[in-house]
Amino acid sequence: RALELDGLVVSLGRRGKVVPLPSASDAWEVYSLRATLEAMGIRLAIDRGGDPLLAELEELVEDMRHAGAAVDHARASALDVRFHEAICRASGHERLLRAWVGMSSQIRLFSRRVIDTQYRDMGPIAVRHAALIAVIRAGDPEAAEHAIREHIGSVAKQVMAVLTEMGLRQTLL
């Protein structure tokens, strides 16, 4: 039932349930909401002082490097989600975190799709996240907000392009 509420499963009545292919529109909604939540989260985390957050994020990036070296897509995807959740948690804003966690199954779905399709070379995953750590360390909330929006937005464009192409192929079949 929870998966149905998230739009990840569709009931066909007596014929059962199916997992629909997410659309480019679905991706836009998830990524745009996610970017807004994380932009606010990163600002608040910086305002609260980021030392504990930085240590946690650095450890996650190191784990991403190992996952990349092992070409472990599932692990890299899980670490990506944990990285972004840590930022939201560090904001100290309980409702923001609940909203982010509430959409985490959709975030996980897209994260896995991105890593499986876009990152044959896994090196950029750790590098892209290390850049976010640098901007948090600099302590400029405005720059950090811009960086997280760019980070999420660039991936959103790739996912939406892939999903648009997949949707066009399905209509042609």
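Of the residues screened, Gly16 is not one that is under 16 Å from the mean Cα position of the chain (by Cα) and either surrounded by 14 or more Cβ atoms within 10 Å (Cβ to Cβ) or modelled with pLDDT of 70 or more (or both).
The set of residues in segment 59-80 being free of Cβ contacts under 8 Å to residues at least 24 places away in the same chain, within 17 Å of the chain's Cα centre (by Cα) and over 21 Å from Gln106 (Cα atoms) consists of Asp63 alone.
If you check Glu145 against the conditions, is it among the charged types (D, E, K, R), in contact with a Lys or Arg (Cβ under 6 Å, 6 or more places away or on another chain) and modelled with pLDDT of 95 or more?
When the stated conditions are applied, Glu145 passes them.
Could you check, for segment 95-107, whether at least one of its residues is of a type in the set (S, T, N, Q) and surrounded by 18 or more Cβ atoms within 10 Å (Cβ to Cβ)? Yes, the conditions are met somewhere in segment 95-107.
Among residues of segment 96-109 that are outside any helix (DSSP H, G or I), those with a Cβ under 9 angstrom from a residue that is open to solvent by less than 50 Å² (accessible area, probe 1.4 Å), sequence gap 6+ or separate chain, pair up as Met103/Asp6; Met103/Val30; Met103/Arg34; Met103/Leu37.
Here segment 43-58 is the region considered, the condition is being under 20 Å from the mean Cα position of the chain (by Cα) and of a type in the set (D, E, K, R), and the residue that is nearest to Val135 (Cα to Cα) is Arg43. On inspection, Val61 does not qualify as among the β-branched types (Val, Ile, Thr), buried (at least 18 other Cβ atoms within 10 Å of the Cβ), at pLDDT below 95 and in a helix (DSSP H, G or I).
The values are calculated or read from the model by the stated rules, or taken from the named source; none is laboratory data. Since this is a predicted model, take the numbers as computed values, not measurements. Virtual Cβ from ideal backbone geometry, glycine too; neighbours counted across all protein chains shown. With ligands, DNA and RNA removed, areas are computed over all heavy atoms of the protein, side chains included. Shrake-Rupley method; radii C 1.70, N 1.55, O 1.52, S 1.80 Å.
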